[in-house]
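Notes to accompany the following structure.
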């Protein structure tokens, strides 16, 4: 769910993992590029004379939910089962586990230009920052011990913002970043109550996917239970409903902003809603709904080149250690 521009993404695609990009060392690029030689999992629907497989096989029993892609063609997937993180090469489709989980879920995640993964901790009520190079945990933050499901995250110039789908107080967690991206101490985390139009729905999933408005003035949050998009003022927490002209995005999960286009993954609907937003993010219109026969409850999305990548969470399939999981690529205009 990276928010880098398509131009930046395309430059990364041209590199094909052979050169280093900002925030990722040359050894990391070489390591990730050769991951297929070491990984046990690979691609389905392999290329014939082209590049980039359409389907990526994830480890059996993985239970994916979140995905992050940076400037190079590598996708990172968190596991709901134990919180481990898997890195897949988008060119070969192969990969390996780079970070063993803490035993609690890894849900939404984002990668910054310093090669750091910001990972939501689900019902653990926490988040952590992991090196995409070494898998080392760089920092951990315990947000709450009450009813919680820390679900998704977006990076802004000054902070990482996390949603909580189960906290009845309807809050966002702000992890402020210092100069040169310095990670804060745990006591520097700020809990921001969300007020205004957003109303907590008991017994349902609430604040879920999060991104920025096109002009960067606010945060966009989708409420899964109501299929409503909200613009949230990061300074005050006041929320206002985004006018979609009578449309909604039921079962809205992960969201991704590319320019003025917001992609909203509607998980149980096996659909991606394409929403064109105005600059301030106060109004939008649903211009398309994308489906694909390979979708099996996709949850989140990240972009590389002219493709969106979506992991299949398969929430309607009982998870076992041998359950198959995949991520699929779809083309966008």
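Overview of results
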{"quantity": "Criterion violated by residue 176 - all others in (1) crowded, with 23+ Cβ neighbours inside 10 Å; (2) touching a helix residue (DSSP H, G or I) at 6+ places or on another chain (Cβ under 7 Å) satisfied", "calculated": "(1)"}
{"quantity": "Condition check for residue 267: out of contact with any helix residue (DSSP H, G or I) (no Cβ under 9 Å at 6 or more places or on another chain) and either under 23 Å from residue 82 (Cβ atoms) or surrounded by 23 or more Cβ atoms within 10 Å (Cβ to Cβ) (or both)", "calculated": "yes"}
{"quantity": "Residues satisfying the stated conditions in segment 116-132, i.e. on the phi > 0 side of the Ramachandran plot and either at pLDDT below 95 or part of a strand (DSSP E or B) (or both)", "calculated": "122"}
{"quantity": "All strands (runs of 3 or more DSSP E) inside segment 227-327 with 2 or more residues being farther than 18 Å from residue 165 by Cβ, modelled with pLDDT of 95 or more and more than 18 Å from the chain's Cα centre (by Cα)", "calculated": "238-241, 271-277, 284-291"}
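The values are calculated or read from the model by the stated rules, or taken from the named source; none is laboratory data. Only a predicted model underlies this, so the values are computations on that prediction, with no experimental measurement involved. Counting neighbours? That spans all protein chains shown, and the Cβs are built from the backbone with ideal geometry, glycine included.
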